[in-house]
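A.B. asks: Have a look at the structure that comes next, please.
Just so it is clear, none of the values below were taken in a lab; they were calculated from the coordinates. This is a predicted model, so every value here is computed, not measured. FYI the Cβ positions are ideal-geometry reconstructions off the backbone, even for glycines, and counts take in every protein chain you see.
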Amino acid sequence: MTPKKALECYGTKFLTTAHTCRKLCLPMKDIMHGDDIHWYLVVILMDDKQVHILDSYPSNERQTPRKDAVQTMIGFLDALFEDLYLQ
């Protein structure tokens, strides 16, 4: 879904107080090998413009794909919030 479509579908229900959001917690799914799935948490501190990846099973092999997925999500959120918080 594009950011514009997300705003059309969910904006009035969930984003009416987005300007007051200080912390955003996003569960992220990583498909590791075949059917092996691993979840990790991305915490975005809006005021500090910091992103923290909390991962109970860090993997050197999966570090780049996980960071790429986080970058994609941040890009989506940046467009969704129209550059209010994330850079």
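A.B. asks: I need the peptides 49-58, 70-79, 27-36 ranked by packing, meaning the mean over residues of other C-beta atoms within 10 angstrom, with the highest value on top.
C.D. replies: Averaged packing, sorted descending, gives the order 70-79, 49-58, 27-36.
A.B. asks: What does the charge count near GLN71 come to, summing +1 for each Lys or Arg and -1 for each Asp or Glu among other residues with Cβ under 15 Å from its Cβ?
C.D. replies: Its environment carries a net charge of +1.
A.B. asks: Could you check the spin-label model distance between THR2 and LEU26? Points 7 Å from the Cα along Cα→Cβ, value in nm.
C.D. replies: About 1.9 nm separates the two model spin labels.
A.B. asks: Next up: For TYR10 and VAL43, FRET efficiency with R0 = 25 Å and r from the beta-carbon atoms, rounded to 0.05?
C.D. replies: With a Förster radius of 25 Å, E is 0.75.
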